[in-house]
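Throughout, read-outs are computed from the coordinates displayed, never taken from laboratory work. Just so it is clear, the model here is predicted, and its values are computed rather than measured. Counting neighbours? That spans all protein chains shown, and the Cβs are built from the backbone with ideal geometry, glycine included.
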Amino acid sequence: QVQLVESGGGLVQTGGSLRLSCAASGRTFSTDGMGWFRQAPGKEHEFVTAIRWNGGNTLYADSVKGRFTISRDNAKNTVYLQMNSLKPEDTAVYYCAASLGSYSDYIGDYNYWGQGTQVTVSS
């Protein structure tokens, strides 16, 4: 089993920044990819970004390219999501997820999920 705990959400004004963290514990060695998804009220989960533990390869949704950056600290088993130039449409609950396979933008590839952290961007 893998446990994921997100932190760092909050309320920020348009144009502001936030950094989310996802601390992984348990059988983390069994996972290859880590991803961030988000869910806005009344909408489905949306892929945001993903990274491989080994190699650091990354994927980004077009909506966040150039504004969001994913990174990882293998020693701390932690993945970060730096969010800059935030917009009201970024408001959502952000979820960290771990994949036993490779990283991807497909929600079905992820096996473990955190509880989510709320990000609210005011206009």
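Structural remarks
- Considering only alpha-carbon pairs that sit under 8 angstrom and 6 or more positions apart, the relative contact order computed for the stretch 50-123 is 28 percent.
- Per residue, the convex hull spanned by the alpha carbons of the stretch 40-99 comes to 92 Å³.
- Across q = 0.11, 0.13 Å⁻¹, the chain modelled as identical point scatterers on its alpha-carbon atoms has Debye log10 I(q)/I(0) values of -0.31, -0.44, in the order of the q list.
- Reach of Lys65 by Cα under 17 Å, taken over lysines that are not fewer than 8 positions away in the same chain: Lys87
- Per DSSP, loop chymotrypsin sites (Phe, Trp or Tyr not before Pro) in the stretch 30-123 with at most 13 further Cβ within 10 Å: Tyr106
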